[in-house]
Structures are given as structure tokens and as C-alpha cells.
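Heads up, the thing below is written out as C-alpha cells.
The values are calculated or read from the model by the stated rules, or taken from the named source; none is laboratory data. Everything numeric in this text was worked out from a predicted model, so none of it was measured. Positions of Cβ are generated from backbone atoms using ideal geometry, with glycine treated the same way; all protein chains shown enter the neighbour counts.
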Amino acid sequence: MPILSALTKFGYKNVIKKMAFRNDPEETHDRFTETGIKLGKSNLAKSLISFAWAYQDPILTQTIHGVTFPNPIGLSAGFDKNAQLLDILPSIGFGFVEIGSVTGEPCEGNPKPRLWRLPKSESLVVYYGLKNDGAEAISKRLKGKSFAIPFGVSVAKTNNVACAQVEAGIADYAKAFGAFTDTGSYITINISCPNTFGGEPFTDPERLEKLLTVIDAIPYTKPVFIKLSPDLSFEQLDTLLDVVARHRVHGIICTNLTKKRDNPKIQDANVPDKGGLSGKVVEELSNAQLKYIAEKTKGKYILVGVGGIFTAEDAYKKIRLGASLLQMITGMIFEGPQSIGDINRGLARLLKRDGFKNISEAVGADLRHS
Ligand SMILES: Cc1cc2nc3c(=O)[nH]c(=O)nc-3n(C[C@H](O)[C@H](O)[C@H](O)COP(=O)(O)O)c2cc1C
């Protein structure tokens, strides 16, 4: 309902966000999560929220590897780390959700503070270090439940000294992966968390080869995605893509957070040294990687575009650069929860304006040789 959405946007940007942005970011996130859990238990709340914000149009629906996505906008990994919000997120208007990242063992994450806002840069600095309840508890939470939209599970290795060793790290990934083989619609292997003990060892081709060989051996019939760092050079990407091509990988998520501090999009002073940056700071890097992989792999993989989506135009750009699916977090925090429906509404309008009958026809429209 555009009028209710516009009213929410006004209220969010002028009241709620102003108040929320005065408080500690992690506490604010935890409070929003608690509210989301409560709202998810009320059918009335879900119906009202859906009526006010969600937008549906068959032009946005796609079936990919047997999974039907009612719209392409997903909640990216890291917002619903412990799979507590799956009841409310469909009403907000998401087409899918990626929970996690979930690790083999429960993990407290890095010491606080570990989340900061960069308001001028429209970005967050994230140093959580994979805080989550662990694969066993989270898979138990989801057992036997069904949800209105598909969800995927992002898996990573536990952030501790032991898992910084390659073999132990691989075993931990395998434990997390194995816990979700009968839950959810897909699994993402997150090799790009910028905040863990021992760095990002699986961006090394030999180690990635070992990791994917172990994952290949776990019986699983649904799609497997891999999530990459935006800080990889095109040469590094080439070697990683060679490895990925030899394994059971159906999709690539471009991208995780950027660690680089010399990014001209950073407008705020006093950026913390640690942590990865999201939002508008990572958008161009993510788009460049998405385009590069789309042109190089020519439809071999489902590509998921993530980084800096705030508007329908941002989303449409990624689709035209080769993304079939999209994910976001930071845009929702800066623009408000109604932005998911607004982006879907805007996307449908842009697709119709350009003569596409379904979103899948627009995927890669701006690529060379498309
Ligand atoms: C608070 C927060 C926590 C995150 N945690 C994870 C995570 O656990 N796993 C992961 O793969 N990405 C994580 N990310 C990265 C996001 O999934 C996404 O790739 C990145 O934020 C870029 O999207 P955005 O600009 O829409 O936020 C996190 C991002 C944020 C903001």
C-alpha cells in the first residue's frame, strides 16, 4: 500500500531512526530482533504489516533450481543470525532469507563494541566475528517448521583458535553444513567473513579445493552457494573460479563486507580499524565483482547481488549486471522496513517500463554479449 509505506518511511526517518541511531547499534539490533520475534507470533500483526508494506507481482517471481522465490529481495546473512525472525520476515515483504552465518560450534563472537554506524557514508562497520548459537541449536530450532518464503543457511567455521587450523576449520564447516542438509532451500558457504581469528584462509585456492572436496562428499540435493569478499582482485577471482568450477557449487554471492579503508566512499571521520564495511561503501566493489563474474561465467552460476541496495534503481542495476537474486541489510536499517516493499514495487515498474515480462528476462541485460 504505497500511502502506508510513505507514511512509515516518514515516521521511520524522522522519528524512529533518529532515536535508534542515538543508541548503541548492537543493542538497537537486539531490541528490533526482540520486537520482530514478538510480532512474528501474532497473526494480526503479520497481516497488518503485510498489508501496509509487502508488495507482490508475478513479474518478480522466479523458480531457480526448483525453489520458487516470490520476489528477488532477500535478507542477507548476519541480520537473523540465529533464525529467530523467519515468522515475521515474509510479512515485511522479503522474497527469501539467509540465516546465519551458523558455525559448527556456538560462538560468542568478538568482544564488544563490534558494530558501528557511519551515517555520512551510509554504511555499517561490522566486527561481530560470527556470533551465533551454533549449528546444533539452530537446526533444532528449525526442525519440522515451514515458512512462507524460502530460506537458505549461511555456514562458516567457528571463530576460535582451533578452527584457524585448516583441517579443523574444514571439519567445522562440514559439521555446520551437515546439520542443515534436511532444512531450508539452499546452503551458502561463507568464505569471506572479514572478522575471524586467522583471517580468511579459504580464499587460498588449495585450501578452498580441500574444503569443497569435503563438502561435495556430504549428501545434499539442494543448491550450494559460495559467498565472496569484495576485496579479491580479478586475478584472485580467476583462480578461485577455477576451483569452484570443479565442485558442487550452483551459485555465487557477490559480496560480503569490505575491509579496505582507502575507499573514497567513506565520508565519516574516525572509522574503527577493525571490522568490515557494508552499504554504500561496498556497493561499487560488489557491482564490479558481480559484472566480472557474470561476464566470465556466462550463466553457469546463479549470481546473488548484495552490497549497498537502498532503492529499486540500485536493485535493478545488479539484476542488469547478472544477479538473479539480491540481498540487503544496511539499506533496510537506513531507509526503514518498508523499503523492501518499495524496492519490489519500483523493480516491477522498471521491468515493465523496459518491456520485460519477467525479472528473469532482465538478468544480465547490461552485460557484454548478453
Ligand atoms: C550486522 C551485520 C552482520 C553481518 N554478518 C554476516 C554474517 O554472519 N555472514 C555473512 O555472510 N555476511 C554477514 N554480513 C554481510 C552481509 O550479509 C552483506 O554481505 C553486506 O552487509 C553487504 O550488504 P548491505 O550493504 O546490504 O548490508 C553482515 C552484515 C551486517 C551489516
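Residue-by-condition table, conditions (1) surrounded by 18 or more Cβ atoms within 10 Å (Cβ to Cβ); (2) of a type in the set (D, E, K, R); (3) modelled with pLDDT under 95:
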position	(1), (2), (3)
Asp268	no, yes, no
Pro272	no, no, no
Glu284	no, yes, no
Gln289	yes, no, no
Gly308	yes, no, no
Thr311	no, no, no
Quick check on Val224: is it closer than 15 Å to Glu98 by Cα and away from the ligand (no atom under 14 Å from the Cβ)? yes
Got a sec? Which helices (runs of 4 or more DSSP H) wholly within region 286-370 have at least 2 residues that are within 16 Å of the ligand (Cβ to nearest atom) and either in contact with an Asp or Glu (Cβ under 7 Å, 6 or more places away or on another chain) or not basic (Lys, Arg) (or both)? 312-320, 330-335, 339-353
Being farther than 16 Å from Gln327 by Cα and within 12 Å of the ligand (Cβ to nearest atom) is the filter here; which residues of region 65-82 pass it? Asn82
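Within region 333-364, count every residue that is without any contact (Cβ under 8 Å) to a residue 40 or more places away in the chain and under 21 Å from Phe151 (Cβ atoms).
Here the count works out to 0.
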When you scan region 1-33, how many residues do you find that are within 16 Å of the ligand (Cβ to nearest atom), over 21 Å from Ile149 (Cβ atoms) and not aliphatic (A, V, I, L, M)? 11
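For every residue, the table says whether it meets (1) among the polar types (S, T, N, Q); (2) under 17 Å from Met332 (Cβ atoms).
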| site | (1), (2) |
| --- | --- |
| Ala83 | no, no |
| Ser91 | yes, yes |
| Gly95 | no, yes |
| Ser121 | yes, yes |
| Leu130 | no, no |
| Ala137 | no, no |
| Lys143 | no, no |
Just for region 151-165: of the residues that are surrounded by fewer than 20 Cβ atoms within 10 Å (Cβ to Cβ) and of a type outside the set (S, T, N, Q), which one is nearest to the ligand (Cβ to nearest atom)? Ala164
Among the listed residues Thr239, Thr255, identify the single one that is closer than 20 Å to Pro205 by Cβ, at pLDDT 95 or above and within 14 Å of the ligand (Cβ to nearest atom). Thr255
For region 22-55 the number of residues that are touching a residue at least 12 places away in the same chain (Cβ under 8 Å), in a helix (DSSP H, G or I), of a type in the set (D, E, K, R) and more than 11 Å from Ile88 (Cα to Cα) is 1
For region 96-132, give me each residue that is outside any loop (DSSP other than H, G, I, E, B), surrounded by fewer than 23 Cβ atoms within 10 Å (Cβ to Cβ) and either within 9 Å of the ligand (Cβ to nearest atom) or without any contact (Cβ under 8 Å) to a residue 40 or more places away in the chain (or both). Leu115
Within the set of pairs 6 or more residues apart or between chains, which connect a residue that is among the charged types (D, E, K, R) inside region 179-192 to a residue that is assigned to a loop (DSSP other than H, G, I, E, B) and within 16 Å of the ligand (Cβ to nearest atom) with Cβ atoms less than 7 Å apart? none
All conditions in (1) of a type in the set (Lys, Arg); (2) more than 10 Å from the ligand (Cβ to nearest atom); (3) under 16 Å from the mean Cα position of the chain (by Cα) are true of Lys280 except (2)
Condition met for Ala135 (near the ligand (Cβ under 10 Å from one of its atoms), more than 24 Å from Asp24 (Cα to Cα), in contact (Cβ under 8 Å) with a residue 12 or more places away in the chain and under 20 Å from the mean Cα position of the chain (by Cα)): no
Name the residues in region 197-225 that are touching a Gly at 6+ places or on another chain (Cβ under 6 Å) and either at pLDDT below 95 or of a type in the set (Val, Ile, Thr) (or both), would you? Ile218
Please work out if Asp80 is among the acidic types (Asp, Glu) and within 17 Å of the chain's Cα centre (by Cα). yes
From the list Ile73, Ile88, pick out the single residue that is within 15 Å of Pro337 (Cα to Cα) and either within 16 Å of the chain's Cα centre (by Cα) or surrounded by fewer than 20 Cβ atoms within 10 Å (Cβ to Cβ) (or both). Ile73
Filter region 192-221 for residues that are within 15 Å of the ligand (Cβ to nearest atom) and assigned to a helix (DSSP H, G or I); which is surrounded by the fewest Cβ atoms within 10 Å (Cβ to Cβ)? Thr203
Return yes or no: is Leu237 more than 30 Å from Ile59 (Cα to Cα), in contact (Cβ under 8 Å) with a residue 12 or more places away in the chain, touching a helix residue (DSSP H, G or I) at 6+ places or on another chain (Cβ under 9 Å) and crowded, with 16+ Cβ neighbours inside 10 Å? yes
